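Bear in mind these aren't lab numbers, they're just calculated from the coordinates by the rules spelled out. Quantities reported herein were computed from a predicted structural model and do not represent experimental measurements. So basically every Cβ, Gly included, is an ideal-geometry build from the backbone, and we count neighbours across all protein chains shown.
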Amino acid sequence: MRLTEFARGQDRRRITPDRPAKSVGAETTFRKDRTHLDDLTEALRPLAETVARRLQAADKLAAGVTVKMKTADFVQRTRSTGLPVPTQDAETLWAACVNLLRAENLEKSIRLIGLTCDRLVDADAMEDQDLLADRP
């Protein structure tokens, strides 16, 4: 009986990940494709807020950010950048994504947009480094 359940993809065991997350992200698919930069940048704002909350809940800071775009014909593009200082601040994450979008040639309408933070570091570790840096 158990083998049959496994064959059907049914498994009641609890999933316990054995490694920490390497990234935190959020994305949205639009009901109607977007073509204007202003629409896309505003769509990124709630995503940045969601990702910032997730980073805060995990006590992580992000040192890198990636914007994911999928066009109406399902071609996917990603653009990434490093952040000068690791952060979990929504406004900082959003601003970095806006800069990535402004550098893009948006000739096709966009169906999906996403924001992913990577190069995660422990917030506590950064605080410890800041304390050490303040020493004379």
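Give, in nm to one decimal, the length gained when the segment between L3 and K68 is fully stretched (0.36 nm per residue of separation minus the Cα-Cα distance).
19.5 nm is the gain from fully extending L3 to K68.
Can you pull the one-decimal nm distance between simple spin-label points at A103 and Q56, each 7 Å off the Cα toward Cβ?
2.8
Anything in the chain that counts as a DSSP H helix reaching 24 Å or more along its axis (C-alpha) with Kyte-Doolittle mean of at least -0.5? List them, would you?
For the chain, where a helix must reach 24 Å along its axis and average at least -0.5, the hits are 37-58.
Label the stretch 1-128 by shape, choosing from rounded, prolate and oblate, from the square roots a ≥ b ≥ c of the eigenvalues of the Cα gyration tensor; if a/c is under 1.5 it is rounded, and otherwise prolate applies when a/b is larger than b/c, oblate when it is not.
Oblate shape, in that a/c is at least 1.5 and b/c is the bigger or equal ratio.
Just to confirm the filter: which GluC sites (Glu not before Pro) across the stretch 90-123 are DSSP coil and have at most 11 other Cβ within 10 angstrom of their Cβ?
Answer in residue order: E107.
Can you tell me the FRET efficiency between E49 and D122 if r is taken as the Cβ-Cβ distance and R0 is 25 Å, rounded to the nearest 0.05? Don't skip to the answer; put the middle values down first.
Values: r = 22 Å, r/R0 = 0.87.
For E49 and D122, the calculated efficiency is 0.70.
Mind telling me which of D124, D39, D11 comes out most flexible in a GNM of the chain, alpha-carbon contacts under 10 Å?
Most flexible of the set in this elastic network: D11.
Amide H neighbours of G25 under 5 Å, counting only residues 5+ apart in sequence or on other chains, H built in-plane at 1.01 Å?
Here C117 satisfy the definition.
Once amide H atoms are placed 1.01 Å from N in the peptide plane, what residues at a sequence separation of 5 or more from L120, or on another chain, have their amide H within under 5 Å of its amide H?
A63
Taking amide H positions as placed in the peptide plane 1.01 Å from N, state which residues far from S109 in sequence (5 or more) or on other chains have amide H under 5 Å from it.
HN-HN under 5 Å from S109: A72.
Mind listing which trypsin sites (Lys or Arg not before Pro) in the stretch 1-67 are in a DSSP loop and have 13 or fewer other Cβ atoms within 10 Å?
Qualifying residues, ordered by number: R8, R12, R13, R14, K22.
Test of understanding: what is the full-extension gain from T41 to R14, defined as 0.36 nm times their sequence separation minus their Cα-Cα distance?
Full extension from T41 to R14 adds 5.9 nm.
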